[in-house]
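The values are calculated or read from the model by the stated rules, or taken from the named source; none is laboratory data. Computed from a predicted structure; not experimentally measured. All Cβ positions, even for glycine, are placed from backbone atoms using ideal geometry, and neighbour counts span all protein chains on display. Areas reflect the complete protein model, heavy atoms only, side chains present, ligands, DNA and RNA absent. Shrake-Rupley method; radii C 1.70, N 1.55, O 1.52, S 1.80 Å.
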Amino acid sequence: MKPAPFKYIEVADEEALTSALADYGDDARLLAGGQSLVPMMNFRVVSPEVVIDLNRVGALSYIDCRDDVCRIGALTRHAMIEDSDPLSRRCALLGQAVRNVAHRAVRNRGTTGGTLALAYPGAEIPLALMTLDTDIILRSKRGERRLGMKDFVLGALDTSLSGDEYIRQVEIRMPPPGSAASFVETSRRHGDFAIAAAAVVAARDDHGRLDYLRAGVAGGTGAPVRLTALEEALSGDDPDDGRMADSVHEAIAAIEVFGDHHYPEDFRRHVLKGVLQRALKDAIVGSERRHVR
Amino acid sequence: MQIDRPFPQIEGRLEDARLLFGRGRYIDDLPVGPSTLHAAFTRSPYGHATIAGINKDAALAVDGVVAVYTAADLGAVLDPFPSIVRGAPEYRGIATGKVRYVGEPVAVVLARDRYAAEDGVSALDIAYEALPAVVDVDAAAAETAPLLHDDFGTNVVWRNRYRYGDPETAFREADRIVGIDLKFPKYNSTPLETYGVIAEYLPETDGYVIHGNFQGPFSLMPVLARALRVPDSRIRMVVPQDIGGSFGIKAMIYPYMGLIAACARLAERPVKWIEDRAEHLLGSASGTDRNSHIEAAVSRDGLVRAIRMNIRENVGAYLRAPEPSCVMRSLTTFSGPYRIESGEIEAACVLTNTLPTGLNRGYGGQQYMFSLERLMDAIARETGIDRIEVRRRNFLKAAEFPYRTTTGSYYDSGDYHGCLERALDYLRNEGWERMREELRASGRLVGIGVATCVHSAASNIGYVTLALSPEERAKRGYNAKSGTNDFAHIALDASGRLRVQIGTAGAGQGHATAVAQIVAREFGLGVRDIDVIDRIDTETTPWTITTGTYASRFSVVVGGAVQRAAARLADHLRIIASSLLDAPPDQIDIEEGMIRVRNSNSSLSLRQLAGAAQWNRGDLPDDVVQLHVSESYGAPNLRSPDSENRVNAAATYGFMADFAMVEIDPVTFVPRVLKYIAVHDVGTAINPQLIRGQIAGGIVHGLGGALYEHLDYDESGQMMSASFMDYLCPTASEAPQMSIDHFDAKSPFTVLGVKGCGENSAMSAPAAIASAVDDALSEFNGSIAELPVTPPAIWRQVAGAS
Amino acid sequence: MFGERIALDLEVNGKPLSGVAEPRTLLSDFLRHNLGFTGVHVGCEHGVCGACTVLLDDQPVRSCLMFAVQARHHSITTIEGLAKGGEMHPVQDAFRRHHGLQCGFCTPGMVLTAVDLIQREPDPSERSVREGMSGNLCRCTGYEGIVQAVLAAAKDLKRQSQSNRTEETQ
């Protein structure tokens, strides 16, 4: 399990990165954390001719939370998110999600941009970002563009990223103060990719009514899915168990779910419903407590 | 002279410091010369295909590649590996004409380093014509199944029938017949260090030097030597100081030792190969998966009078030594801890397009104990007798030992009721049943499971020959097989320090520490006063056909030899001291490094004695008495099988009482083992800490097989678990909290009274955990008949019930 | 362009070292075979088993998932560099006392992971030790001795730092 030979280009700033991508884009792979790319190269599942290493582009590594927007540089390591106080205060969902990503040694290298570019189904951070209101800023020699998560991740291992483009930044519109988040994932072992995962954030207005609800699921769904119909159906007065169960059932029935050798489709749907219901309950109950306090 | 002292103990082990400082010496750490070539295998991407052509040109053109060999090239210096079953399809370790499993070696690329060798593998051009594959054992046994070995005419490569006592009468007169169908999965113990071989051919002697992280030499050395066409002693087998886990799997490195040695001969240069993880999962070895039916003739009060069993054993694409012994291992403790006096087993080994099988920790034990213990639970369910009570009623009683089982095993000692009671004490003291009720009341699915099993240790090589019929064994010219033996050498150097050499290499068990304890006790010394050499170089280490680290034999056989050698050296020292101190030998005591005349002030230190005996040998009388002693030890009561297929399959038989507590998430159906209790009769405990370590490791191997680890294939023969992302080894997070204790029913037969403990819960845990899952799913009438217990499998049981 | 070799300087266990590697050379292979740090063990080469874990600028990483060239100008700690003056680090000593190792192959990665875990969480619960160590596979011990060792090491280190603090204030 040794990688095939490649040409190694190390870039020190965004300008060099942009030019290297313009020169080699289609034949190159960007090396950020390498926690997925290097295993694939070791297995020789991918053997790029050129590897562009952007680990020394320090300008892409930051967490900048102000007002109601949080900007995260593409080279920000998962461990930085895990350890970030402002993020865990203002965007608890991301903090919970990141703790479910593999193990600390992997989180010390893995990056926000890397996990987004790979778009592995069942990956936690893309689910959290899909659930929140997130824009992805992409850049190339041709210029910069901004895509919503839904337009960025197209399916399993499939994104809108062009060969000459890199992910520059993630911009998250923070949930309102007093919101509660819940990230529920099921996997057979601690740290594995999710069989099924659900992310929910809920907040209430002055009258205690649910006026902000974000919900998403991943695992067997290709790209993570935001469940807007469910969000609408459950906003307003607190749903009782019946209403919640019906909405969850409808939401999961409406999305495309794939089975595989290990987990058949009907089982995945069953578990998706289970984790979604748990996350909804956690977040709704959590937000109530905050309101009362 | 009999020394009656407790074994001295130390904190930690003699082995620990070098391993903790990162100074272990594993196979990949050995220095190699600059002429050494590095090997990588091209492996089949198909489960079943004809090799239509191999073009080496592109691979040979790769920078750094020196040679590419296929079966046709290697066949010039390497014969097929002999099989235990005469007439079984040829096994060469590399594909000839056809590939029969994904990962089967097809070619070897030799290059200046491993990176370049893999470049050669990527460039090698092989044309395949795909054939239909078959991976399920029952499907492969069907007449219409695709044939793996066309000339052989069937995929059923071996079958046999064993009958003991009078099963017909027992079943005819039974009040009730309880039967179940079971599937045991394919998995292996997956040592964290993969295989590694460094081989060199010596043309001047027509011999080989092979370094490998091998558990042998034992009976697989002759298999290797035959294939390499040299006498056993022309292979210098060197096992490095440290092995990163072995678990039986490392015994199955032998075909690769043959292939790499053959490469070295053809290339006329040393060749090194370090297996990678993907290769290990695809192409090393595994335990067998087994489909079976087992049924019991049961009396009204729950007593089992006889067992009948039908076994379909999946041995993968080739039947290779030591298979089909996995089936035979089931016979060694056929009646378990119970008095079952009749039985019948019908067994068949079937070839499929999967990784060939071999030794794996517990070898055959986990498969069989799963059947027998699932059966006991089924009997409890059908008779309405409590699961534990039904076991108690069938247990042999302490007064009945030694006890000859119906298959010929000679159980040495035990107190099964007492040992189970000790385990139940833990269960009660830890409040398991209360905890289960509380968790259930809060809506969780929780269950407690039990397994009570006999573990055999120090197996009789003769049990393997049950693969042949009594008629075949009776033929003129047939060499009967029996016994297990080993040696130890001990020497006192001129500075008064003791050094012990044994013929086996450990892989983490702490052999050096245990050997030092045995010797230290004899001489009244501290454990750190003894140096131990526990690595193998067959050029200088004496070995026998049974020498090796397998079948929980170390403490029994090697320990026995060490004890004998130490005692004899002590006798020699007394004789020498008697002339120096002018006192009769039987009045001389050795303790704390001093030689003392009893009831007198006359003494000398071990150092003084050694100095005198080494430097002034001429002035001492008896020159027969030396400062170095070699002793061998053959475990007792081991004969070759009789004409009724009865054999005492092992030197000693311990007992295990295991309990598992399982929780299943009621929504996602993810199971987790919360707690585990294991109280095992291991006979005399030389080192309780090492014993606990062995049992704990075995529990998690069993846990892996029960819930997580599965070498599974899709219908086309693709392995669905060819990486550590999909082959799920349990982590610290999945491992249960454990309460482990040992119970001492000394063996009256082994030198130290020990009973071995290397495999224990690796065999019993799958059964105990399945039993706990049943209990957790009791409201759904859950009954686990197949492992691993996955969330979808539980979901199907629950959905089926509601 | 293939077969290109890159010169690199890095610091290992506090000492400046240099070497030459192909761009594709994995850091694990470079540390083992070029620099001789054979305490870095290779168990899977796809980042799951954790045996090759080293500290990169004091943070645990999988050395099989980095190219050697990426370690240029970084500082690396391997198991060989953990003990000071031949004295075991408290985590090593706890592994020894609690039988936290058998074959020793996972041990370097386990120990370095534990050192970081205790640094971030000085008073861990058993559950958080189990989760924190779950990125490292062991096939021998059943994790029993490892979990006990990490819990004990955390206590030892806490006691040590408390007594250091007392000394400082005196």
Completion exercise
Checked the stretch B:700-744 for anything assigned to a loop (DSSP other than H, G, I, E, B), among the acidic types (Asp, Glu) and open to solvent by 30 Å² or more (accessible area, probe 1.4 Å); matches are B:Asp714, B:Glu715, B:Asp726, B:Asp744
Problem - Pairs, first within 14 Å of another protein chain (Cβ to nearest Cβ) in the stretch A:9-22, second open to solvent by 40 Å² or more (accessible area, probe 1.4 Å), C-beta under 7 Å, six or more apart - result: A:Glu10/A:Arg56; A:Ala12/A:Arg56
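A quick yes/no check of all residues on (1) more than 30 Å from C:Gly36 (Cβ to Cβ); (2) within 30 Å of the chain's Cα centre (by Cα):
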| position | (1), (2) |
| --- | --- |
| B:Pro31 | no, yes |
| B:Ala40 | no, yes |
| B:Ala58 | yes, no |
| B:Gly64 | no, no |
| B:Arg86 | yes, yes |
| B:Arg92 | yes, yes |
| B:Arg100 | yes, yes |
Exercise for the section: Answer yes if at least one residue in the stretch B:409-428 is in a helix (DSSP H, G or I), over 19 Å from B:Asp658 (Cα atoms) and either at pLDDT 95 or above or touching a Phe, Trp or Tyr at 6+ places or on another chain (Cβ under 9 Å) (or both), and no otherwise. Expected result: no
Exercise for the section: Being more than 14 Å from chain C (Cβ to nearest Cβ) and on the phi < 0 side of the Ramachandran plot is the filter here, so list the residues in the stretch A:63-75 that pass it. Expected result: A:Ile63, A:Asp64, A:Cys65, A:Arg66, A:Asp68, A:Val69, A:Cys70, A:Arg71, A:Ile72, A:Gly73, A:Ala74
Practice task
Could you list, in sequence order, all residues of the stretch B:628-659 that are more than 23 Å from the chain's Cα centre (by Cα) and either open to solvent by less than 10 Å² (accessible area, probe 1.4 Å) or hydroxyl-bearing (Ser, Thr, Tyr) (or both)?
Solution key: B:Val629, B:Ser630, B:Ser643
Problem - Filter result for B:Tyr727 (at pLDDT 95 or above and more than 8 Å from every other protein chain (Cβ to nearest Cβ)) - result: yes
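To keep it simple, each residue is scored yes or no on (1) modelled with pLDDT of 95 or more; (2) under 26 Å from the mean Cα position of the chain (by Cα); (3) assigned to a helix (DSSP H, G or I).
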| site | (1), (2), (3) |
| --- | --- |
| B:Val751 | no, yes, no |
| B:Gly756 | yes, yes, no |
| B:Met763 | yes, yes, yes |
| B:Ser771 | yes, yes, yes |
| B:Asp774 | yes, no, yes |
| B:Gly782 | no, no, no |
| B:Pro788 | yes, yes, no |
| B:Ile794 | yes, no, yes |
| B:Val798 | no, no, yes |
Exercise for the section: Go through the stretch C:47-73 residue by residue and tally those that are within 14 Å of chain B (Cβ to nearest Cβ) and surrounded by 24 or more Cβ atoms within 10 Å (Cβ to Cβ). Expected result: 14
Problem - Boolean, A:Asp135 is among the charged types (D, E, K, R) and outside any strand (DSSP E or B) - result: no
Exercise for the section: List the number of the failed condition for B:Asp412; all other conditions in (1) closer than 30 Å to B:Pro45 by Cβ; (2) in contact with a Pro (Cβ under 6 Å, 6 or more places away or on another chain) hold. Expected result: (1)
Handout entry: Filtered residue count, the stretch B:573-588, keeping only those that are open to solvent by 20 Å² or more (accessible area, probe 1.4 Å) and free of Cβ contacts under 8 Å to residues at least 60 places away in the same chain
Key = 9
Problem - Of all residues in the stretch B:676-692 being within 12 Å of another protein chain (Cβ to nearest Cβ) and either open to solvent by less than 10 Å² (accessible area, probe 1.4 Å) or more than 19 Å from the chain's Cα centre (by Cα) (or both), the one that is farthest from B:Val450 (Cα to Cα) - result: B:Asn687
Problem - Failed item in (1) in a loop (DSSP other than H, G, I, E, B); (2) modelled with pLDDT of 95 or more, with B:Glu118 passing the rest - result: (1)
Practice task
For B:Ile695, state whether it is open to solvent by less than 10 Å² (accessible area, probe 1.4 Å), within 14 Å of chain C (Cβ to nearest Cβ), touching a strand residue (DSSP E or B) at 6+ places or on another chain (Cβ under 8 Å) and among the aliphatic types (A, V, I, L, M).
Solution key: yes
Completion exercise
B:Val519 passes all but one of the listed conditions (1) open to solvent by less than 10 Å² (accessible area, probe 1.4 Å); (2) in contact with a helix residue (DSSP H, G or I) (Cβ under 6 Å, 6 or more places away or on another chain); (3) not assigned by TED's automatic domain parsing to the domain that holds B:Asp415; (4) not in a helix (DSSP H, G or I); the exception is number (4)
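Okay, residues lined up against (1) assigned by TED's automatic domain parsing to the domain that holds A:Arg139; (2) open to solvent by less than 60 Å² (accessible area, probe 1.4 Å):
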| position | (1), (2) |
| --- | --- |
| A:Ala28 | no, yes |
| A:Ala32 | no, yes |
| A:Phe43 | no, no |
| A:Val69 | yes, yes |
| A:Arg99 | yes, no |
Fill in the blank from the handout: Exception for A:Ile167 within (1) touching a helix residue (DSSP H, G or I) at 6+ places or on another chain (Cβ under 6 Å); (2) of a type outside the set (D, E, K, R); (3) surrounded by fewer than 19 Cβ atoms within 10 Å (Cβ to Cβ); (4) in contact (Cβ under 8 Å) with a residue 24 or more places away in the chain falls at (3)
Exercise for the section: With the checklist (1) open to solvent by less than 10 Å² (accessible area, probe 1.4 Å); (2) at pLDDT 95 or above; (3) under 25 Å from B:Ala145 (Cβ atoms) in hand, flag the one item B:Ala321 doesn't pass. Expected result: (2)
Problem - the stretch C:140-159, residues that are within 23 Å of B:Cys729 (Cα to Cα), assigned to a helix (DSSP H, G or I) and away from chain A (no Cβ under 14 Å) - result: C:Glu144, C:Gly145, C:Ile146, C:Gln148, C:Ala149, C:Leu151
Practice task
Just name the residue that is nearest to the chain's Cα centre (by Cα) out of those in the stretch A:186-200 that are facing chain B (nearest Cβ under 8 Å) and outside any loop (DSSP other than H, G, I, E, B).
Solution key: A:Ala196
Exercise for the section: Scan the stretch B:137-160 and give yes if some residue there is under 30 Å from the mean Cα position of the chain (by Cα) and closer than 30 Å to B:Arg300 by Cα, otherwise no. Expected result: no
Exercise for the section: May I ask you to verify whether B:Val109 is surrounded by 17 or more Cβ atoms within 10 Å (Cβ to Cβ), touching a residue at least 40 places away in the same chain (Cβ under 8 Å), touching a strand residue (DSSP E or B) at 6+ places or on another chain (Cβ under 8 Å) and in a strand (DSSP E or B)? Expected result: yes
Practice task
Go through C:Phe105, C:Phe95, C:Phe30 for me and flag whichever is on the phi < 0 side of the Ramachandran plot, assigned to a loop (DSSP other than H, G, I, E, B) and open to solvent by less than 30 Å² (accessible area, probe 1.4 Å).
Solution key: C:Phe105
Practice task
Report the residue count in the stretch A:28-62 for those that are under 21 Å from the mean Cα position of the chain (by Cα) and more than 9 Å from every other protein chain (Cβ to nearest Cβ).
Solution key: 7
Practice task
Filter the stretch C:92-139 down to the residues that are hydroxyl-bearing (Ser, Thr, Tyr) and away from chain A (no Cβ under 14 Å), then identify the one that is nearest to the chain's Cα centre (by Cα).
Solution key: C:Thr107
